[in-house]
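Colleague: This is the structure, below, for whatever I ask next.
Read-outs: derived from the displayed coordinates by stated rules, not from any lab. If you're wondering where the values come from, they're calculated on a predicted model, not measured in any experiment. Here the Cβ is made from the backbone with ideal geometry for all residues, glycine too, and neighbour counts use every protein chain on show.
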Amino acid sequence: MTARINPSILSADFANMQAELGRIAAADFVHVDVMDNHFVPNLTFGQQMVERVQATSPVPLDVHLMIDDPDRWAPGYAEIGAASVTFHLEAAGEPIALARHLREIGARAGVAIKPGTDVDPLLDYLDEFDQILVMTVEPGFGGQSFIPGTMHKLQQLRKKADKAGSAVWLQVDGGIQPGTIEQAAEAGADTFVAGSAVFGQENVEKAIGDLRALAQAHVHGRPGAGMDRAVSASR
């Protein structure tokens, strides 16, 4: 299985977004954080901006919704062509129904949990989601330090997924860089969101390749190996 690297545009130069997107053509997805200043104490951009990113990105969009009422708003991001739409378990009223709806529209359905949220409610429903995002920082701001105490959640999810033969992707977001990406991979992650560790480097393509190699050296094999490019950039 190939480890996936999804650079976060929170660390990009917003004034030169098209050029910044062009720099990450070697990535698997571009991670787009949508924040509403309610669910988290920060405001980024909404559907109109994401649609513009969708039109110019050389790789598929991995949209992470840190917003209230995703049951209402998440489908709109799938409808504009985002390859993957992740909402927070803490904010969703009907998470399984929402995930099924996102899949019906044509997007991969992801669910995210904060560092303080128990993973147990998800363990019996892995196949209802295409991706589970374990936040390794408190959501809301980039540049935070990695929280090692979240690794037990990945271990639980990986053990359950492997036992069940589930193809669910396990993603981490927050403080991912050399030195922490290995920890997350060993714990069971296969999909990695990195901000400054990519956009903060002079040679972005090399940074992506180096992170992928570090993760690949520690990531566990599982069902669905080799399917890292399952979502076409032309979606």
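Colleague: Could you give the size of the charge dipole of the chain about its Cα centre, using +1 on the Cβ of each K and R and -1 on the Cβ of each D and E, expressed in debye and rounded to the nearest 20?
Modeller: Values: 18 positive and 30 negative charges, 113 e Å.
I would put it at about 540 debye.
Colleague: Straight distance only, please: which lysines reach the Cα of LYS153 with their own Cα at less than 17 Å, same-chain residues fewer than 8 apart left out?
Modeller: Cα-Cα hits under 17 Å: LYS114, LYS163.
Colleague: Lys/Arg Cβ at +1, Asp/Glu Cβ at -1, dipole of the chain taken about the Cα centre: which of ASN16, MET135, GLN201 is farthest positive-ward?
Modeller: It is GLN201, whose Cα lies furthest towards the positive end.
Colleague: Would you please name the chymotrypsin sites (Phe, Trp or Tyr not before Pro) within segment 100-166 that are DSSP coil residues with at most 14 other C-beta atoms within 10 Å of their C-beta?
Modeller: Values: sites: TYR125, PHE129, PHE141, PHE146; in loops: PHE129, PHE141, PHE146.
Listed in order of number, the matching sites are PHE141.
Colleague: Using unit Cβ charges (K, R positive; D, E negative) and no other charged atoms, how large, in debye to the nearest 20, is the dipole of segment 86-131 about its Cα centre?
Modeller: 220
Colleague: With the Cα gyration tensor of segment 82-191 in hand, give its eigenvalues times 5 under a square root as the equivalent ellipsoid semi-axes, listed largest first in whole angstrom. Could you put the intermediate results ahead of the total?
Modeller: On the way: eigenvalues 94, 51, 32 Å².
Result for segment 82-191: semi-axes of 22, 16, 13 Å.
Colleague: Also, quick follow-up: Output the antiparallel fraction of DSSP beta bridges having both residues in segment 4-216, as a percent to the nearest 5.
Modeller: The antiparallel fraction comes to roughly 5 percent.
Colleague: Sticking with this one: So for the chain, Kirkwood radius off the Cα pairs, Stokes-Einstein at 37 °C and 0.692 mPa s: how many µm² s⁻¹?
Modeller: D, rounded to a whole number, is 190 µm²/s.
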